[in-house]
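Participant: This is the structure I have questions about; it appears just below.
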Amino acid sequence: SIAINYELDTRERLYESVAGWYALLEWERAGYGLGGEFEFDRYWCIAQRLQPLTSLQYLNIRLVGGVANGKPPLQKHFSIGGIGTLRGYGYKQFTGDRMLLLNIEYVVEFSNEISGIAFFDAGKSAYGKDAFNDEDFHSDIGLAVKVWRFLRVNFAKPIDTPDDDLRVTMRV
């Protein structure tokens, strides 16, 4: 396969980013005279804004989308669910050749060691050109605690399936 991408990153960094933009656009092609067992085109984009509100509070808004045409291998399909995507659902619970995801986080830094985070996630991954004709998006809300800038514990609850249990995940 061949891939071409463009990346823009204006996020300020010391330990972790709290301001700036991040964007990624990528196109990948396999087969069609390039060899290999699969023929597909895959388009992927990410747009993220980290917006300071005060010296100790900021918003993190991320929009991710993708489309795969042709017959991509399973690892090139789009999967959402779990940490970093829909935190109220199981890991890679939803898969498709089309995907749209929105993550919004409100972050409050209580000290250099502890931050509190309120978040909302919404997204869908499904198959076919009509995948987004219905309004069957999945969403969740939750709270998280980040300790020492590298340990994060999420508590997430699905909105569209309220009978589901609270999902607790940890990222180190």
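Participant: Being out of contact with any Gly (no Cβ under 7 Å at 6 or more places or on another chain) and either farther than 18 Å from Ala19 by Cα or free of Cβ contacts under 8 Å to residues at least 12 places away in the same chain (or both) is the filter here; which residues of the range 99-111 pass it?
Facilitator: Ser111
Participant: Taking strands (runs of 3 or more DSSP E) that do not extend beyond the range 86-164, which have at least 2 residues that are β-branched (Val, Ile, Thr)? Quick ask: steps written out before the conclusion?
Facilitator: Numbers: elements: 94-96, 98-109, 114-126, 138-147, 151-158.
So the answer is 98-109, 114-126, 138-147.
Participant: Taking the range 92-116, which residues are buried (at least 18 other Cβ atoms within 10 Å of the Cβ), polar (S, T, N, Q) and under 17 Å from Pro158 (Cα atoms)?
Facilitator: Asn103
Participant: So which residues in the range 139-165 are within 17 Å of the chain's Cα centre (by Cα), among the hydrophobic types (A, V, I, L, M, F, W, C) and under 22 Å from Leu100 (Cβ atoms), if there are any at all?
Facilitator: Listed by number, the residues that qualify are Ile141, Ala156.
Participant: Being among the hydroxyl-bearing types (Ser, Thr, Tyr), without any contact (Cβ under 8 Å) to a residue 24 or more places away in the chain, closer than 30 Å to Pro72 by Cβ and in a strand (DSSP E or B) is the filter here; which residues of the range 1-58 pass it?
Facilitator: Within the range 1-58, just Tyr6 meets the criteria.
Participant: Looking at Phe132, Phe119, which one is of a type in the set (Phe, Trp, Tyr) and crowded, with 16+ Cβ neighbours inside 10 Å?
Facilitator: Phe119
Participant: Let me ask you something else. In this structure, does Asn154 turn out to be at pLDDT 95 or above, buried (at least 19 other Cβ atoms within 10 Å of the Cβ), over 30 Å from Glu28 (Cα atoms) and of a type in the set (S, T, N, Q)?
Facilitator: yes
The values are calculated or read from the model by the stated rules, or taken from the named source; none is laboratory data. None of these values were measured; they are calculated from a predicted model. We place every Cβ from the backbone using ideal geometry, glycine too, and count neighbours over all the protein chains shown.
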